[in-house]
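Step one of this worksheet: look at the structure below.
Nothing in this text is a laboratory measurement; each read-out follows from the coordinates by a stated rule. Model, not experiment: these values are computed from the prediction. We place every Cβ from the backbone using ideal geometry, glycine too, and count neighbours over all the protein chains shown.
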Amino acid sequence: MTARRILICLHDFHRGGTERIALGLVRAWTDAGRDVTILCGSTEGGLREDVDPRATVVALAPPVGRGLFSRFRLARAMARRLDGLQPDIIFLPGNFHAALANGLRAATHVPILLKISNPPVPAGIPFANHIFRWLTRGVTGFAAMNQGLRQQLQAMLPGRNVVALHDPVYIQPLQAAARSGDKVLWIGRLERQKDPLLALDVLAATKTLHLTMLGEGSLRPVVEQRILAMGLQDRITLRGHVTAIEPFLATADALLITSRYEGGPAVAVEALAQGLPIVSTDCSFLLHDLIATPEAGRIVPSRDPGQLAAALAQVLVQPMAAEKLKVLAAPFEPRACAEAYLAWFDRLAHG
């Protein structure tokens, strides 16, 4: 059976990686002839204009904004709309939306599929596995972003349907600029998960490097204050949100990732597609698949700024190997990733 009618549930159109990837899949799935509907709590967040015009957007009225327990309220409100939409498959595009599953399940028997975009539970929290299993009772199948996450989920959820599916990465590599050897790029939300303050500490542990930071978030005032307090204002450029990262990748010498945890950081694939090496904290299973050669960069097991700075120094003096790095990014080609999702949808819609 073909999953002809695909329903994607989004809280809103927040400018996050989950939402951006979901909208890219919407384009590919409509290209493949599927009918895609986005059911959202509100149209706020900045990405509404990026929705493929062939897709249908159904916004709840009154809207459900983000807040404490908002995802449970959102699930109940969305469940009341399912009869009128009649989907073949319901797709929840990331961990943030996992809390919708049980509320939706109470209103439908169609498969509910959840993409796991980050480690499912934080380390060290008692009963976290039990809580996650309870939250996802209504999920029919899980799509892990890499094999490491898949293995973690299979151990946590024995007997459940778990597959590994890559997220598509959308980038148009540009002609790289001449390498200066001192330009480091950091891309992410200015939030605790991404740990932008660690990036400042890494820069402070170097003498001559310049850091460009792309992204916005609640920590922006703290980051600005720390830059001034550390006297780094001449070596750090805060660019905020940008519409295209390719020009910055093309002029950088290395990408720095300081996240505490990630499911599969798309920015790492984007950097490799541009031929840019990476230095990262050990924050994602996917990085061990990507940074598979010394030319691709370094994964630093410690969060010590000095060790990250030392890894940057090593990467910045090694010869560039752009073509080798681009091969590492090839499995994330958008059309192939979208088709793999559709094949999984069709299998579960049939079963």
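Convex hull volume per residue, computed on the Cα atoms of region 183-331, equals 99 Å³. Considering only His241, Ile227, Cys283, the residue lying farthest towards the positive end of the dipole of region 183-331 is Ile227, judged by Cα position with unit charges set on Cβ. Could you compute the longest span of the chain free of chymotrypsin sites (Phe, Trp or Tyr not before Pro) located in DSSP loops and having at most 10 other Cβ atoms within 10 Å, not counting the site residues? Looking at the chain, 128-351 is the longest stretch - no exposed chymotrypsin sites (Phe, Trp or Tyr not before Pro) with at most 10 other Cβ atoms within 10 Å. For Gln172, the shell of other residues with beta-carbons less than 14 Å away shows a net charge of -2, using +1 for Lys and Arg and -1 for Asp and Glu. When the convex hull of its Cα atoms is viewed from all sides, region 185-268 shows a mean projected area of 5.3 nm².
Charge dipole of region 183-331 (Cα centre as origin; +1 on each Lys and Arg Cβ, -1 on each Asp and Glu Cβ, all else neutral): 220 debye, rounded to the nearest 20. Among Ser180, Ser280, Ser42, a tally of other beta-carbon atoms within 10 Å of each Cβ gives an order, fewest to most, of Ser180, Ser42, Ser280.
Listed by chain and number, the aspartates and glutamates whose alpha-carbon sits under 17 Å from that of Lys324, ignoring those within fewer than 8 places in the same chain, are Asp253, Glu270, Asp289, Glu295, Glu333. With a cut-off of 14 Å between beta carbons, the residues surrounding Gly41 carry a summed charge of +4, where Lys and Arg count +1 and Asp and Glu -1.
About the centre of its Cα atoms, region 45-179 shows a dipole size close to 400 debye [charges on the beta carbon of Lys, Arg (+1) and Asp, Glu (-1) only; nearest 20 debye]. Charged side chains reduced to their Cβ positions (Lys and Arg at +1, Asp and Glu at -1) give the chain a dipole of some 960 debye around its Cα centre.
With Cα atoms defining each centre, region 119-195 and region 328-348 are spaced 16 Å apart in the structure. Centre-to-centre separation between the Cα atoms of region 29-95 and those of region 223-288: 30 Å.
Seen from Ile89, the other residues with C-beta closer than 14 Å to its C-beta sum to a net charge of +3, counting Lys and Arg as +1 and Asp and Glu as -1. Taking one quarter of the surface of the convex hull spanned by the alpha-carbon atoms of the chain gives a direction-averaged projected area of 17.5 nm². Here's how it looks for Arg298: its modeled amide H is under 5 Å from those of Ile278, Val279, Ser280, which are all 5 or more places away or on a different chain.
In straight-distance terms, cross-link reach from Lys115 covers every one of the lysines whose alpha-carbon lies under 26 Å from its own, apart from those fewer than eight places away in the same chain; here that gives Lys194, Lys326.
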